[in-house]
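*Asks:* For reference, the structure I am asking about is given below.
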Amino acid sequence: SLSPSMQGLVDTSKKIYHDKLHDVKSKDAKQAWVVTAPGRVNLIGEHTDYTQGFVFPLAIEYSTVVYGTGSLVINKNAEEVSKANLKFASATNPDKVEQVSIDVNTQPPKEAGSWTWYVAGTVAQYLMKDLPKQGAVLDATFAIAGNVPLGSGLSSSASLEVAVAQFIECILGPEHAFSSEPPGALPAKIRAIRCQKAENEWCQSPCGIMDQYCSSAASSTQKGTLLCIDCRTNDFEVVQMKQDPDNPVALIVANSAVTHSIGGGEYPIRVQQCKEATQILQKVHGDRIQTLRDATVEDVLKCQKQMDDVIYRRARHVVTENARVIATKTALEEGDWKIVGQQMNLSHLSMQKDYETSCEEVDILVDLAQKYKGVYGSRLTGGGFGGCCVTLVAKENAKGLMEHLQKEYQAKVGKDCTPFETTPAPGARVLAIDTF
Ligand code: ADP
Ligand code: MG
């Protein structure tokens with residue numbers, strides 16, 4: 001049984017499919033796949049993934065659903081290059097049916113384009129990797145419905161990519177999906193790597209792997225768990241949030257209602273600044289520093305004179321943030337909410353002062369949260385320059401906190417911060433197979 005909001009997404013996508021997409025070509029289809037992938041909130045570990053560090057996110061109930069049909073035909077003797085013919089529509093603009101065809105030679109666009117590249121870029125990964133170079137024709141017709149707020153740091157983009165990936169895997173079937181990967185490779189991990197590549201190369205976004213990984217790999221069986229991801233090995237640990245029945249806590253997400261554009265300017269600059277910091281660290285400390293992941297606070301401190309102030313602060317954020325993830329993980333497993341909260345507050349301060357990814361509105365929201373009774377900690381979550389904050393609060397104060405944030409943020413900023421409580425949700429999965 002699905003939650004009412006998930007059922008709503010399924011109903012919406014199904015209706016779009018039947019009203020707008022189910023035409024002559026897809027009429028032969030005997031079944032439709034219904035798949036979903038969630039957005040995420042990052043508890044801690046911000047801007048650490050693209051330097052191979054640690055992140056600690058959880059999947060949330062807000063998700064993207066894909067409902068659709070498709071087929072794969074392989075004609076071994078055909079000389080035509082393999083291609084994918086996609087026909088799809090999103091509930092964000094259901095009247096606009098998108099038709100995109102790509103083949104194995106299609107190059108990613110040079111400039112940031114439409115949202116359809118998130119979809120096409122993802123399909124391209126499967127087309128290029130798992131299908132023969134010639135003779136394969138992948139047809140897919142599908143509708144997309146999501147309720148992850150777009151551009152709010154809860155990762156609607158990854159949930160879209162991962163849902164599309166999961167859907168394409170259904171069409172390819174076990175015989176073809178991941179057939180190019182070594183035996184034993186974890187589908188959830190490979191899917192995440194492919195979706196990140198799609199976003200990097202097709203959408204001009206130099207994002208790390210956290211969002212796609214969380215959306216893809218969050219546990220569907222172990223309830224109440226977060227993922228601690230090592231972005232060097234791309235391995236992860238499922239971590240249980242230890243709830244004490246006598247002292248339960250809640251996670252509250254509130255949206256500054258300032259939207260960012262991750263490809264737009266600041267994010268790529270941060271990626272570049274981390275590279276600069278790494279080069280300087282390498283000069284001083286040698287090859288043991290491959291990325292900022294390898295540096296300690298002392299290593300960075302020793303290079304302060306060689307670095308300009310901005311680069312120094314960027315590096316300091318990343319290395320201290322990696323340490324905070326590790327400290328938070330231990331504290332979370334022990335249910336030591338005070339420590340978890342302290343690390344969250346320090347993380348916010350570090351993003352504010354050192355990494356400069358916060359903004360006035362988010363700072364107001366975080367400040368309101370941090371000062372509220374029963375709150376252990378609060379911080380900006382996601383890429384920043386707007387977006388959401390996440391707060392850890394004693395369960396008994398959760399409702400009061402949400403009312404407080406709503407009222408005070410409205411009074412101070414004039415915007416609705418739509419706070420909600422979240423618990424760890426499952427990752428990407430097939431919800432149903434609809435037979436016609
Ligand atoms: P975030 O991932 O934090 O929400 P991004 O800027 O990375 O923000 O991604 C948001 C973009 O993802 C949107 O502008 C849109 O192009 C695309 N997107 C996400 N979900 C959908 C959807 N359901 N329909 C159409 N486009 C979507
Ligand atoms: Mg995104």
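The values are calculated or read from the model by the stated rules, or taken from the named source; none is laboratory data. Keep in mind that what you see is a predicted model, and the values were worked out from it rather than measured. Using ideal geometry, Cβ is built from the backbone for each residue, glycine included, and neighbour counts are taken over all protein chains shown.
*Asks:* More than 23 Å from Thr328 (Cα to Cα) and at pLDDT 95 or above: which single residue out of Ser256, Ser215 fits that description?
*Replies:* Working: Ser215 fails: more than 23 Å from Thr328 (Cα to Cα).
Sole residue among the options that is more than 23 Å from Thr328 (Cα to Cα) and at pLDDT 95 or above: Ser256.
*Asks:* Please report, ordered by residue number, the helices (runs of 4 or more DSSP H) entirely within region 131-226 with at least 3 residues that are away from ligand 2 (no atom under 16 Å from the Cβ). Can you show your working first?
*Replies:* Values: elements: 156-176, 187-202, 210-217.
Result: 156-176, 187-202.
*Asks:* Do we find that Ser378 is more than 16 Å from ligand 2 (Cβ to nearest atom), part of a strand (DSSP E or B), at pLDDT 95 or above and crowded, with 19+ Cβ neighbours inside 10 Å in this structure? Break it down into steps so the answer makes sense when it comes.
*Replies:* Details: more than 16 Å from ligand 2 (Cβ to nearest atom): yes; part of a strand (DSSP E or B): yes; at pLDDT 95 or above: yes; crowded, with 19+ Cβ neighbours inside 10 Å: yes.
For Ser378, the condition - more than 16 Å from ligand 2 (Cβ to nearest atom), part of a strand (DSSP E or B), at pLDDT 95 or above and crowded, with 19+ Cβ neighbours inside 10 Å - is met.
*Asks:* One residue is enough: does region 282-298 have a residue meeting the conditions within 25 Å of the chain's Cα centre (by Cα), part of a helix (DSSP H, G or I), at pLDDT 95 or above and farther than 28 Å from Val362 by Cβ?
*Replies:* Yes, some residue in region 282-298 is within 25 Å of the chain's Cα centre (by Cα), part of a helix (DSSP H, G or I), at pLDDT 95 or above and farther than 28 Å from Val362 by Cβ.
*Asks:* Is it the case that region 141-151 has a residue that's over 19 Å from Thr12 (Cβ atoms) and among the β-branched types (Val, Ile, Thr)? Spell out the reasoning first.
*Replies:* Step one: of region 141-151, the residues over 19 Å from Thr12 (Cβ atoms) are 151.
Those left that are additionally among the β-branched types (Val, Ile, Thr): none.
So far as region 141-151 goes, no, none of its residues is over 19 Å from Thr12 (Cβ atoms) and among the β-branched types (Val, Ile, Thr).
*Asks:* Continuing with this model, one more query. In region 227-254, what residues are surrounded by 14 or more Cβ atoms within 10 Å (Cβ to Cβ) and either under 24 Å from Arg270 (Cβ atoms) or among the basic types (Lys, Arg) (or both)?
*Replies:* Within region 227-254, Leu227, Cys228, Ile229, Asp230, Cys231, Arg232, Asn234, Phe236, Lys242, Val253, Ala254 meet the criteria.
*Asks:* Yes or no: region 338-345 includes at least one residue that is within 18 Å of His47 (Cβ to Cβ) and surrounded by fewer than 22 Cβ atoms within 10 Å (Cβ to Cβ). Working first, answer last.
*Replies:* In the first step, residues of region 338-345 are kept if they are within 18 Å of His47 (Cβ to Cβ); the result is 343-345.
Still in the list and also surrounded by fewer than 22 Cβ atoms within 10 Å (Cβ to Cβ): 345.
Yes, some residue in region 338-345 is within 18 Å of His47 (Cβ to Cβ) and surrounded by fewer than 22 Cβ atoms within 10 Å (Cβ to Cβ).
*Asks:* Now a separate question. Out of the residues in region 63-97 meeting the condition of being loosely packed, with under 14 Cβ neighbours inside 10 Å and of a type outside the set (Asp, Glu), tell me which one is farthest from Ser5 (Cα to Cα). Please lay out each step first, then the result.
*Replies:* In the first step, residues of region 63-97 are kept if they are loosely packed, with under 14 Cβ neighbours inside 10 Å; the result is 73, 75-77, 79-80, 92-93, 95-96.
Filter once more, keeping what is of a type outside the set (Asp, Glu): 73, 75-77, 92-93, 96.
Values: Val73: 35, Asn75: 42, Lys76: 44, Asn77: 47, Thr92: 16, Asn93: 19, Lys96: 24 Å.
Of everything passing the filter in region 63-97, Asn77 is farthest from Ser5 (Cα to Cα).
*Asks:* Within the bounds of region 166-178, is there any residue that is within 16 Å of ligand 1 (Cβ to nearest atom) and either in contact with a strand residue (DSSP E or B) (Cβ under 9 Å, 6 or more places away or on another chain) or farther than 30 Å from Gly265 by Cβ (or both)?
*Replies:* Residues of region 166-178 within 16 Å of ligand 1 (Cβ to nearest atom): 166-167.
From what's left, either in contact with a strand residue (DSSP E or B) (Cβ under 9 Å, 6 or more places away or on another chain) or farther than 30 Å from Gly265 by Cβ (or both): 166-167.
Looking through region 166-178, at least one residue is within 16 Å of ligand 1 (Cβ to nearest atom) and either in contact with a strand residue (DSSP E or B) (Cβ under 9 Å, 6 or more places away or on another chain) or farther than 30 Å from Gly265 by Cβ (or both).
*Asks:* Which pairs do you get when a residue that is under 18 Å from Val340 (Cβ atoms), found in region 227-241, comes within reach of a residue that is assigned to a loop (DSSP other than H, G, I, E, B) and polar (S, T, N, Q), reach meaning Cβ atoms under 8 angstrom, with the pair 6+ apart or on two chains?
*Replies:* Hits for this filter: Leu227/Ser219; Val238/Ser219; Val238/Gln222; Gln240/Gln222.
*Asks:* I'd like the full set of residues that are more than 12 Å from Val66 (Cα to Cα) and in contact with a strand residue (DSSP E or B) (Cβ under 8 Å, 6 or more places away or on another chain), limited to region 9-22. Before you say what the answer is, go through the steps one by one.
*Replies:* From region 9-22, those more than 12 Å from Val66 (Cα to Cα) are 18-22; that's our starting set.
Matches in region 9-22: Lys20, Leu21, His22.
*Asks:* If we scan region 301-308, do we find a residue that is among the hydrophobic types (A, V, I, L, M, F, W, C) and within 26 Å of Ser205 (Cα to Cα)? It would help to see each step written out before you state the result.
*Replies:* So the first thing to find is which residues in region 301-308 are among the hydrophobic types (A, V, I, L, M, F, W, C), and the list is 301, 303, 307.
Now narrow it down to the ones that are within 26 Å of Ser205 (Cα to Cα): none.
For region 301-308, residues among the hydrophobic types (A, V, I, L, M, F, W, C) and within 26 Å of Ser205 (Cα to Cα): absent.
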